[in-house]
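Notes follow the structure.
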Amino acid sequence: MTPIYAPDAFIKDKVEALAQQLGLDLPHQEQWNFIQSAESLDLQAAPGSGKTSLIGLKLSLLGQAWASPTRGICVLSHTNTAKDEITHRLTATPAGRRLLQYPHFIGTIQAFTNTFLALPALRSRGIEVQTVDDDAYADEALRLLERHPRFRKLNTALGHRTNGPALVAEARYVCDAGDLIATGPDGTPPFKASSDSGQQFAALKETLTERGVFRYHDMFALAEHHLFHHPQFALAAAHRFPFVLLDEMQDTSDLQQRLLDKVFGSPSTVVQRVGDINQRIFADAPDAAQPSSFPLPHAAQLPVSRRFGSKIAALASDLTVHRRQRIDGAGHDGTVALLLFDDDTVADVVPAFERMAAATVPRQLLLDNPPRVLGARLTRGSAKAFPQSLSCYVPGFTITPVQTTGSLITAARTAQALRRSGDNHAAVTLLWNAIRDVARLASSSGSPPLRRLDRDLATAGGRARLLVHDMLTSPLDSHVEWAVFTGRFLRLLPDLTHSPLKGVTRLADPLAHIPYVTQPAPVPDASADADQSVVASVAGSIQSAKGETHAATLILECLERSGKKYDVHEVLGLLSRQQDASKALVTIQRAAQLVFVGATRPTHLLAFAAHRKRAEPYTEAMTARGWSVHDIHALYL
């Protein structure tokens, strides 16, 4: 029997040669243990430990040694961002680039489920998927509920419930003992199955299924249902992929893990799961995995962070909530600071931080990677407390709205980049979804657009497929070229939507041609008193910064979800008492978990902003930890 890959794939000489080519150092035995392991394992990796670099190195080594032309490596992640980062690493070597093609698969768990399980199941029923998107599903479900007389009793019944619209907009399938059941967002049917409302609720869900409109969650239930009745598909997938690597494992839900276990649960399949349970930012999701599911008790560890030094490492170690881990800092021994503000100096916090960053971080680092300002809450809620969110500290801050101008050409260019990297499935899916979104604006009926997409070039569906192919393979640099594509698209729309066009003027923005955007050079402040060394910061949520590396990071004290406690204040109390974070109250654990994610981003400067009245009881303890404590007035004036 031909081996799947050469047995010398991970020998010392090959590892060292490829690591040198990629510019990687491997000074720790834990790194070698992971690289050379050919068995199933869990790896708990501290922030900044070089996890993604090691994954890229290991996969490239496998790519060098891979021998089978029909069986491949399956690399799965929770997010597209993590998948894109792995893909980027693999493009650095010829061996890595081979993994971007058949028989290998690199994508999200959602994409794997859709490609190999849910879509084949739907095609066997003659259903052509139009969209898999929670927002698009909600729009179609509520439109159908309001407009179709078949669901009149259901609409009346839902009108008596405060969460009535959500029950329909967020309705999902669950697979229960081999039966596919329509449920509300909590996973249970909102009505008795035998009642008129219950029957109409199930019928509305089935109508949307026949139209090819689904929620993300539906695809997992459809896949689970398909595997229950056709277990040979799991055997086929396991045979196709004898080596599986799961990245960002901490954010995998119970539903996703259950499905993956059914597909890759065979002892003959090597499954290596990698992540950091203490960065589990989706822990509050209804179907989030239990903390004990990853990592297993005997998991390997990467405890050394090369992103930051001992001070940040000590702080991060004390905030490991889900699994206690002593993190060693091997990076720059930076500064940890506490900035104290009063009621009248809230707006001075960020400028003071920017001045501090300018004084403590090399300027070129700040220019290459501007200071980041993070908060757990972006905008104010109903509470009267102030400050309570990032927007309170940064006057004029608003959540950036979705950009619609040129949305189709932007999607087409992104799809072309995905295609060039070898991810044809993601490229086609992205472009089809963008086209459907635009077509929905022009549809005069309540039915979803693009309902039938035949392959015959004599049909509208066939011409639409040809249009997608041409948009993926043709230059999009000129407005003339783009006008040709949009003209073809507009001529196709009436046939694709099965209705006269409506609101064509609304398509002007999505179909607009925009040139490739380059970032303009910053304009220096010419005012006489401007501090030329200060680099303006970039504000955002802690959650959005996960996986990033910053030169300097400020974490703002924000009101947590109960509206009664402040996150940084609670964390300061936890640290001053030297309390085990895993044994703290749930609200404090949640605050510690988010602060952990934000605090492990910077290389040189980590700062916290807290109100003086709340923070003063803890300043002595923070000073004893080696932190520097500053009054905003002293820094700003």
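Within 10 Å of each residue's Cβ, count the other Cβ atoms and sort 113, 52 from fewest upward.
Details: 113 25, 52 18.
Ascending Cβ contact count within 10 Å gives the list 52, 113.
With each label modelled as a point 7 angstrom along the Cα→C-beta vector, the residue 38-residue 491 pair spans 5.8 nm. On full extension, the segment bounded by residue 148 and residue 582 gains 151.1 nm, given 0.36 nm per residue less the C-alpha separation.
In this structure, the amide hydrogen of residue 301, modeled 1.01 Å from its nitrogen in the peptide plane, lies closer than 5 angstrom to those of 44, counting only residues at least 5 positions away or on a different chain. Rounded to whole numbers, the Karplus 3J(HN,Hα) couplings from phi for segment 100-110 are 7, 10, 4, x, 8, 9, 10, x, 6, 4, 4 Hz, using 6.51 cos²θ - 1.76 cosθ + 1.60 with θ = phi - 60°, and x at Gly and Pro. Full extension of the chain segment joining residue 17 with residue 115 gains 31.7 nm, where the gain is 0.36 nm per residue of separation less the Cα-Cα distance. From least to most packed, judged by other beta carbons within 10 angstrom and beginning with the fewest, 327, 514, 35, 435 follow the order 514, 35, 435, 327. What is the antiparallel percent of DSSP beta bridges lying wholly in the chain, to the nearest 5? Antiparallel bridges make up about 15 percent of those DSSP assigns within the chain.
Residues whose amide H lies under 5 Å from that of residue 49, counting only those 5 or more places away or on a different chain, are 306; hydrogens are built 1.01 Å from N in the peptide plane. Each Cα pair under 8 Å and six or more residues apart adds its separation to the average, and for the chain the resulting relative contact order is 17 percent.
The modelled label-to-label distance for the pair residue 469/residue 80, using points 7 Å beyond Cα in the direction of Cβ, is 2.5 nm. Membrane-span-like helices of the chain, defined as complete DSSP H segments with a Cα extent of 18 Å or more along the helix axis and a mean Kyte hydropathy of at least 1.0, are identified as 586-599.
Using C-alpha pairs below 8 Å separated by at least 6 residues, the relative contact order for segment 134-214 is 32 percent. Taking 0.36 nm per residue of separation and subtracting the current Cα-Cα distance, fully stretching the chain between residue 166 and residue 324 would add 53.0 nm. Sorted fewest first by neighbouring Cβ atoms within 10 angstrom, 474, 268, 317 come out as 268, 474, 317.
Spacing of the modelled spin labels on residue 25 and residue 192, each 7 Å from Cα toward Cβ, amounts to 7.1 nm.
Coordinate-derived values only; no laboratory data. Computed from a predicted structure; not experimentally measured. No Cβ is skipped: glycine too gets one built from the backbone with ideal geometry, and neighbour counts run over all protein chains shown.
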